[in-house]
Structures are given as structure tokens and as C-alpha cells.
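The values are calculated or read from the model by the stated rules, or taken from the named source; none is laboratory data. Quantities reported herein were computed from a predicted structural model and do not represent experimental measurements. FYI the Cβ positions are ideal-geometry reconstructions off the backbone, even for glycines, and counts take in every protein chain you see. For accessibility, only protein heavy atoms count, side chains too; no ligands or nucleic acids. Shrake-Rupley method; radii C 1.70, N 1.55, O 1.52, S 1.80 Å.
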Amino acid sequence: MKKKLISTLLCFTMTAALLAGCGGKDGDNAGASDASADSQQETEQAPAQEDGGETADVDAADLEPVTLHFILFGDKKSAVDEVWAAIADYTRDRLNCDFDVQFIAGDDYKQKLLVKAATGDVWDLNFDSDWTGYFQMSAQDAYMNLDDLLPAYAPNLYKVYEEKGLLDAMKNKGHINVLPWTMTMNNRPFIQWRGDLAEAAGIKVDKDNLNTMEDVDKLLYQLKEAYPDKYIIECSQPNGGDWFTLDDGMGLVFNLSDPECKVVAKEQTDEYLEMAEYAEKWQKDGLIWKDVLTDKLDHNSLINEGKLITKWGTHEFATQNRAWVEDGAYWDYTEIYADSLFANRTPLANALCISATSENPERTLMFLDLLETDQTLYDMVQYGIEGKTYVLDGEAAAYPDGMDGASSNYQEWGGQWAMWKPQFMRPNASYGPGFWEEEARYAASSDKNVVSPLEGFSFNADAVATEVAQRNQIYGDANKLLAVGLAGDAKTAIEQLKSDSEAAGLQKILDEYQRQIDEFLASK
């Protein structure tokens, strides 16, 4: 069936492209839309968009049964298989598929996904992001070209991306290969601390003057003195200087105030050295615990239980509700480097990708299109089975009696963020009514909160694939230790990082990155 569908689709795509070239507007998008419409008329298997943005019913008799294989981020909760069996039953008359949903623990996610791609494993859909392995996976051509398939098999989803102007951001090497979320929020860093514990210890925090790493350092030592038996902080991090992380895996950044967007390695900035020196100091004095990288502890549970009492965050994490164990526990928080520029989160902050080895990309896209239009399906995917994994409290999705975030059998599964749909999201234990509207307002509240000038830029690593692989390994290993103060003398470790990276061809990567950035900016 798949070969027949693709053959038919490509036939109509070429016809539509010819028509678009003879007077159609909007170039490729117009051709893709025409191809979508024609192919849907020809093959009942592809869902057609009706007036009102809904998806037409599909006769499941025309669809051979398949199993869709999904790989998601985090730990697999106990009710996952039961929930997705129910999802399969609910969509049987439209998709005629079952679901095999697997999870990879967060710490191992990026590396294990890269290994799966390198060894030719077969799966259909996975979570990815600019903070996990998207750029590395794209460099390996691990994701499918969706230029033709997306508008044909997920027309409603395609329309959302089109209306939000995200299509360019979805491209790698000139082709759509990623399906991003559509949320709006900002990356400005916050420092969070247990406000109730600070108050109980008589620590008076002047939030108007808590704005730099030096200010944070002072607060952390006050908390350490007051609560010597608690975990104080997980790591250090660079915050100031208007830096935007362009590639997290390689540690490449550019300054948002620089119109030329000159790309540099993090270790070449003063802020990175500051981060590493504070981490070294905090590790030496016990603010970061020595086995932080190997303790196997659930750090979110440490926070909820009042054992870890500070956290780096954003406006989202500072203002969301937490499942505190202690009565009266709450976060206090403030922005760090309030006068610096910080970019809104990118479309690639959370995303879905279809594997290049997928045997059922059409059916996978049909599922995602239903998710865009069907509240019941959305509730099942996000919250599970009503009465078993969640209950409705008015419009809110709540935990059943006796269950909370720590003991949830399904809700709050990892990677859910890539499937968030603003039109369907219910208030829940973490995010109350109006939360996401407030996030969007916060992102637009200051001229210091900006859209990255490289929004939509995608790096093609073909010319430097070997150097990129080496840099990912060198920077990843070094940064892991530097951020928690376990690299020894910070200056010496950073000089070693620089030396190792230069020997592995970092400058070649930077030159190629800059060449592509210059071309991207010139084309705007």
C-alpha cells in the first residue's frame, strides 16, 4: 500500500508543481497544497481537509493494519501500554493501527537515539529537540524528507505551521524533516529558591538586586549555612552577555546584539569561564554534591521532597505549580541578567521527527493530523484514560485520588511537550487556568525578549561531518564536568577543551557555520 500511495502522491505533486510554475503564487507552498488536494481525491487513504479545519473520516477498510513504533523521552510509566491500546481502539475506524510506544531515559536519550540511527533501526516517530540530538540526527540524515508527505497526510497540521510561519524552521538541507511544537515562551533564565525556607531562616532576599552570578553566589551560601544537610544546587550555568545557544550539542553560540551573528564556541566567552569557576567553587564548598553525575537520584523528586532547595529555570518553571510534599512549600524567584537580551524558545525546543527508516510515515502523519483536530484523542494522548490515569475537575485534568506527580501512572510522561496543542490544553496540577496565555504575554512583555535573527536557520553539516562528531564528543564530555565543578581547575580544563577542539577541527566547523549563517541572513 505504501509504495502505491507514494507513487500516486508524487505523480500529483509533479503535476501541481507544473501548474504552480505557470501562474500560481507562493512558490513551493502553493505547489504542495495543490498536490495535497489532488492526491487526497485520488487516494482515500490520505485524510482530506474539510471546511472548518476538520479531518474527513477515512474508511478503515482501505487501510491494511499496521503497528506504529514511537520512541519518546523519559521513563515509561506503568499505564502507557494500556492507554495506547485504548488510543488504537478509539482511532481504529480512521487509522487501523496499533501503537508500540517505547521510552528512553532522559540521560541516555540522545546517545541511544544516535546509535539507533547509525545501526539502521526501524521506527516511525520520535521526540527530539535542539537540546537533545536533533542537529546530530539531521547531520546523519536520520529523518525523513516530509516536503510532499506532510501537506498530503496532515493537511490541518501543515496549515498551522504555514499560518505560524514555521515552515522554514522545519527544514534541514532545504527539506522539511521536523515537526515542531507551536508554543510561545521565552528562555530568559531565572534563579528559584525555596521561599518558605529562606523566610524561616531569616534570609532577606532583595530580588531587585539579585541579578548576577555574584548575587546568586551570595544567596546560595546563605542557604547552605542555614540548611547544611540539604542539596543546594545541581550545577552552574552561564547567563549573561546576550548569548543565544545555536547548537547545544556542540556548545556553539552567537550574541543576540551582533547583527552579523558571529558564531563562537562557548569556551571562547567570558561567561563560560565564569560559569565554570563558580561550579568549581561550589563543588569545593559542597553546594554541588560530589556524586551529582552518578547518584541515580530523581532530582525532580528531590525538589518536591524539599531536599534540593534551588534551581535554575525560566518563567515557565518558576511560576508553574509543583507537587510539594511539605505543606507551605513554594518557590521564590527572580530574573537573572534582566538587562540582557534573551530569545524566545525556538520551534525546535520540542519536536517530533519521522525516522528515515519509517515503514508507515503516511499513517504516522495521519495520526498527528487527528491529534491537531480531535479533543478526545488529545486528552487520551496527554492525560490517558479518564478515571484511571486522570479525572476531570471542571475543565482541568487532575490526578485520581491517591495519586500525584511522583506516583502518576501516565500523566506528565516525558516528551509530551512536543504534542502540546494550545487549542486543547487543559489546566492541570502543574499549569493552572490561563497559564499558557500568561507565558505568551511574558514573552512579549519586554523589548529584551526577542525573536532570534536566526529563527529558521538550519545547519547542513555534510562538509564537516567528521569534525562535528568529534566536537560533540569533546565538548559534551568536558562540559558535563565543568558545569558541576568536577573538571579540576576551571581555567586549565577550559584551555584543554580549547586545545582538543582546535585539534579536532573546530575552526573548520565555525567557518562552515558562519558561511551558512551569512547566506541565510543575506537571503532574508
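Can you work out D for the range 306-444 in µm² s⁻¹ from Stokes-Einstein, where Rh is the Kirkwood radius over C-alpha pairs, the temperature is 4 °C and the viscosity is 1.567 mPa s? Each step should come with its number before you reach the end.
Working: Rh = 17.5 Å.
After rounding, the answer is 74 µm²/s.
Treating the Cα atoms of the range 185-247 as identical point scatterers in vacuum, please give the log10 of the normalised Debye intensity I(q)/I(0) at q = 0.12, 0.21, 0.29, 0.30 Å⁻¹, two decimals.
With one equal scatterer per Cα and no solvent, log10 I(q)/I(0) is -0.36, -0.94, -1.48, -1.55.
With charges set only on the Cβ (+1 for Lys and Arg, -1 for Asp and Glu), what does the dipole of the chain come to about its Cα centre, in debye to the nearest 20? Provide the component values of the computation, followed by the final result.
Numbers: 45 positive and 92 negative charges, 172 e Å.
It comes to approximately 820 debye.
Note down the magnitude of the dipole of the range 171-314 about its Cα centre, charges +1 on Lys and Arg C-beta and -1 on Asp and Glu C-beta and zero elsewhere, to the nearest 20 debye.
On the way: 17 positive and 26 negative charges, 94 e Å.
Charge dipole, the range 171-314, about its Cα centre: 460 debye, nearest 20.
Using R₀ = 22 Å, calculate the FRET efficiency as 1/(1 + (r/R₀)^6) where r is the Cβ-Cβ separation of Y90 and K388; round to 0.05.
Values: r = 14 Å, r/R0 = 0.66.
Working from the Cβ atoms, E equals 0.95.
Is it possible to state the helix-based mean residue ellipticity at 222 nm for the chain, with each DSSP H run of 4+ residues giving -39500 (n - 2.57), the sum divided by total residues, to the nearest 500 deg cm²/dmol? What is it?
Calculated from helices alone, the mean residue ellipticity at 222 nm is -12000 deg cm²/dmol.
Could you list, in their original order, any pairs among K76/K171; K110/K290; K204/K491 whose Cα atoms are separated by more than 28 Å? If you can, show how the numbers build up before the last one.
On the way: K76/K171 30 Å; K110/K290 24 Å; K204/K491 34 Å.
Correct reply: K76/K171; K204/K491.
Given C-alpha coordinates of the chain, what is the ratio Rg to Rh with the Kirkwood estimate of Rh?
Using Cα coordinates only, the ratio equals 0.97.
With no solvent and one equal point scatterer placed on each C-alpha of the range 407-517, evaluate the Debye formula and give log10 I(q)/I(0) for q = 0.14, 0.17, 0.22, 0.24 Å⁻¹, two decimals.
Each listed q maps to, in turn, -0.94, -0.98, -1.09, -1.20.
Among Q411, L210, A490, whose Cα lies farthest out toward the positive end of the dipole of the chain, if unit charges sit on the beta carbon of Lys, Arg (+1) and Asp, Glu (-1)?
A490
In degrees between 0 and 90, to the nearest 10, how far off the longest principal axis of the chain does helix 2-21 point, with axes built from Cα atoms?
Tilt of helix 2-21: around 90 degrees.
Using every alpha carbon pair in the range 441-486, what percent of pairs falls into each 10 Å bin from 0 up to the bin containing the largest distance?
20, 23, 30, 26, 1
Over 13 Å apart: what share of the alpha carbon pairs of the range 300-371 falls there, rounded to a whole percent?
Working: 1977 of 2556 pairs.
When every Cα pair of the range 300-371 is considered, 77 percent fall beyond 13 Å.
For K421, list the lysines whose Cα falls under 16 Å from its own Cα; do not include residues on the same chain fewer than 8 positions away.
Those lysines meeting the cut-off are K159, K164.
Roughly what would the spin-label model give for Y330 and K296, points 7 Å off Cα along C-beta, in nm?
Here the answer is 3.8 nm between the modelled labels.
Once phi is turned into θ = phi - 60°, what whole-Hz ³J(HN,Hα) does the Karplus curve with 6.51, -1.76 and 1.60 give for every residue of the range 446-452, x standing for Gly and Pro?
Couplings: 9, 6, 8, 8, 10, 8, 4 Hz.
Carbon and sulfur together cover what percent of the accessible area of the chain at a 1.4 Å probe radius? Intermediate results must be reported in sequence, preceding the final value.
Numbers: 10900 of 22980 Å².
Percent of accessible area from carbon and sulfur atoms in the chain: 47.
Counting alpha carbon pairs within less than 8 Å and at least 6 residues apart, what relative contact order, in whole percent, applies to the range 195-300? Intermediate results must be reported in sequence, preceding the final value.
Details: 89 pairs, mean separation 23.4, N = 106.
Answer for the range 195-300 is 22 percent.
Between helix 106-118 and the chain, what is the angle of the helix's C-alpha long axis to the longest principal axis, kept within 0 to 90° and rounded to the nearest 10?
40
Which pairs in the list K311/K448; K112/K480; K77/K296; K77/K388; K207/K311 are over 20 Å apart, alpha-carbon to alpha-carbon? Let's see the in-between values first.
Working: K311/K448 23 Å; K112/K480 17 Å; K77/K296 18 Å; K77/K388 13 Å; K207/K311 16 Å.
K311/K448, as the Cα separations exceed 20 Å there.
Run the dipole for the range 95-161 about the Cα centre, Lys and Arg Cβ at +1, Asp and Glu Cβ at -1, nothing else charged, and hand back the magnitude in debye, nearest 20. Show your work: numbers first, answer last.
On the way: 4 positive and 11 negative charges, 22 e Å.
Using only the charged Cβ atoms, the result is roughly 100 debye.
Where both residues lie in the chain, what percent of DSSP beta bridges are antiparallel, nearest 5? Write out the running numbers ahead of the final one.
Values: 29 of 44 bridges.
Here the share of antiparallel DSSP bridges comes out near 65 percent.
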